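Some notes on the structure that comes next.
Values in this text are rule-based calculations from the coordinates and carry no lab data. From a predicted model like this one, the values you see are computed outputs, not experimental measurements. A quick note on method: Cβ atoms are made from the backbone with ideal geometry, for glycine too, and the neighbour counts reach across all protein chains shown.
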């Protein structure tokens with residue numbers, strides 16, 4: 001094509017034409033998002049919602065139903081994000097998924113998995129399921145909720161209730177020993193901050209220091 005000629009749009013492939021005319025933000029917005037939501041009235045917490053995209057970025061929100069939503073940013077490792085999306089793929093991204101056992105059992109809370117990508121959404125809601133990948137996915141999200149709740153409780157105690165800091169660290173230690181915290185290394189910055197700050201009780205600082213050491217050097 002000579003310098004004086006204009007490009008002929010009919011010669012471009014449909015994909016190239018689409019990339020040429022779409023804003024960059026729309027072209028980039030191709031990743032999917034998986035949302036886990038649990039509503040369980042008269043329990044604590046009554047509402048849990050965690051959203052994760054394919055990069056591991058997302059949000060979390062845990063509150064009682066009479067409280068205002070307060071979503072907070074969340075970042076999980078790429079390996080955990082891949083695990084989440086792999087399990088969702090085994091469930092066909094919840095397209096026409098019938099996960100509930102449909103039997104009369106105790107109310108364990110209404111749980112929903114939702115997949116969103118490019119204007120397409122699929123979701124499945126259940127009280128109890130026998131599906132192995134669904135239960136594995138449920139365990140991951142429930143563990144993330146515990147991790148975020150433990151971290152939030154410690155941060156609140158450090159800010160508003162110094163006498164309650166040791167109890168908050170002890171709760172994290174208990175959950176760590178139970179192996180229900182999926183990415184304990186994300187707790188290290190707060191534990192290190194606590195261990196180094198003399199305004200808190202020595203017992204809390206020592207417990208935080210010991211827990212940080214266990215996380216860094218697991219047996």
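Listed values, structure above:
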| read-out | value |
| --- | --- |
| Cα convex hull of the stretch 32-130 - mean projected area over all directions, nm² | 7.0 |
| Residues 207, 216 arranged by fewest to most Cβ contacts within 10 Å | 216, 207 |
| Cα-Cα separations in the chain greater than 29 Å, expressed as whole percent | 42 |
| Gain upon complete extension [residue 202, residue 39; 0.36 nm per residue less C-alpha separation] | 54.8 nm |
| Within a Gaussian network of the chain (alpha carbon springs, distance under 10 Å), most fluctuating of 174, 35, 125 | 174 |
| Debye-sum result for the stretch 86-161 in log10 I(q)/I(0), which assumes one identical scatterer on each alpha carbon, at q = 0.26 Å⁻¹ | -1.21 |
| Dimensionless Rg/Rh of the stretch 39-83 - Kirkwood Rh, Rg from C-alpha atoms | 1.09 |
| Burial ordering of 219, 159, fewest other beta-carbon atoms within 10 Å first | 219, 159 |
